[in-house]
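The values are calculated or read from the model by the stated rules, or taken from the named source; none is laboratory data. Bear in mind the structure is a predicted one, so any value in this text is a computation, not a measurement. Please note: Cβ atoms are built from the backbone with ideal geometry, for glycine as well, and neighbour counts cover all protein chains shown. We work out accessible area using only protein heavy atoms, side chains counted, and drop any ligands, DNA or RNA first. Shrake-Rupley method; radii C 1.70, N 1.55, O 1.52, S 1.80 Å.
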Amino acid sequence: MLKHLSLAALAAATLSSAAYADGFYFSGSLSGTTLDHSIERDTAGTVLPVPDVGGTSFVSETDFSFGAALGYEQHFGQSDFFWGAEVFYNFENGETRNINGVLVTDIELEASYGARLIGGFDITEKFAAYAHAGVTQVDFEARNAYTFAPPKRDRNFSETGYSYGVGGSYKIDDRIALFAEYTKVDGIEFDGIAEVAGGTGRENPNTLDLSKTTFGVKFSF
């Protein structure tokens, strides 16, 4: 009897370990990315040929992006808790147009990439939930114009923010899993393109935030 119980316990432990599929993985994903852009503009002392009102303006638009990631995942011994680390790259195509007084600012996302840490637990043999946090670099182009006349100016930016979010995964087998995530990227602040109208040379404070809802597939190897 004791022999049979020992064999059963060994088999259960083996099956439990096999379900974990620890190690390296590659993933591909599709996201809906919402880009929020705000500009704080002080027009005091500016003399223009047309009426101008500054203040803070805000705009938000949603578009699709797709990406890939390479990561490593490991459980804590034989427990249901696991940790991971990941590097990622996303091709972004979100665009916004923010009109603040006579200033028109277009933002065009190009890419986001970075690294993050992951911590989670297995709810069942197939379902897992996790949280993630990291650093994200965002590449984008900004274009300034005026509602009344040229000139138009553009500049490429590469700015860093911090990311955080939650996710869940469903294992198809020991090597393939489907996942869904929510990610927020905050803290991207930059001075915009210097204004030339009115001779101010003013650089307005800008803020970008990204919110991403992601669906993808992960391949362990």
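Where nothing but the Cβ of Lys and Arg (+1) and of Asp and Glu (-1) is charged, how large is the charge dipole of the chain around its Cα centre, in debye to the nearest 20?
540 debye
Within the listed set Thr200, Thr136, Thr34, the Gaussian network model of the chain (springs between alpha-carbon atoms below 10 Å) gives the highest mean-square fluctuation for Thr200. Taking only C-alpha pairs under 8 Å that are 6+ residues apart, what is the relative contact order of the stretch 162-209 in percent? Relative contact order comes out at 31 percent.
Between the stretch 84-100 and the stretch 128-142, the C-alpha centres lie 9 angstrom from each other. Between Leu178 and Arg143, the contour length at 0.36 nm per residue exceeds the alpha carbon distance by 8.8 nm.
Along its first, second and third principal axes, ordered by size, the stretch 81-177 spans 63, 22, 19 Å in Cα coordinates.
Considering Cα pairs under 8 angstrom that are at least six residues apart, work out the relative contact order of the stretch 121-210 and quote it in whole percent. Numbers along the way, then the final one.
Numbers: 171 pairs, mean separation 21.8, N = 90.
Relative contact order, the stretch 121-210: 24 percent.
Pairs of Cα atoms nearer than 8 Å and 6+ residues apart set the relative contact order; for the chain it is 21 percent.
Overall size of the stretch 156-221 from C-alpha positions, given as principal axis extents largest first: 64, 19, 15 Å.
Rolling a 1.4 angstrom probe over the stretch 35-84 with all protein chains present gives an accessible area of which 62% lies on carbon and sulfur atoms. Accessible area per residue for the stretch 89-221, computed on protein heavy atoms with a 1.4 Å probe, is 48 Å². Over all other residues within a Cβ to Cβ distance under 12 Å of Val196, the charged ones net out to +1, with Lys and Arg as +1 and Asp and Glu as -1. Of all the options Ala197, Ala69, Ala133, the one that moves most in a Gaussian network model of the chain with Cα springs shorter than 10 angstrom is Ala197. Projecting the Cα atoms of Gln137, Ile176, Tyr113 onto the charge dipole of the chain (Cβ charges, centred on the Cα centre) puts Ile176 farthest toward the positive pole. The modelled label-to-label distance between Leu70 and Thr200, using points 7 Å beyond Cα along the C-beta direction, is 4.7 nm. Between Phe140, Phe121, Phe76, the residue with the greatest mean-square fluctuation in the GNM of the chain (Cα pairs under 10 Å linked by springs) is Phe76.
Explain nothing, just the number: dipole magnitude of the stretch 137-209 about its Cα centre with +1 on each Lys and Arg Cβ and -1 on each Asp and Glu Cβ, in debye rounded to the nearest 20.
220 debye
Axis of helix 2-20 versus longest Cα principal axis of the chain: the two differ by about 20°, to the nearest ten degrees. Using every pair of separate Cα atoms, the Kirkwood estimate puts the hydrodynamic radius of the chain at 20.0 angstrom.
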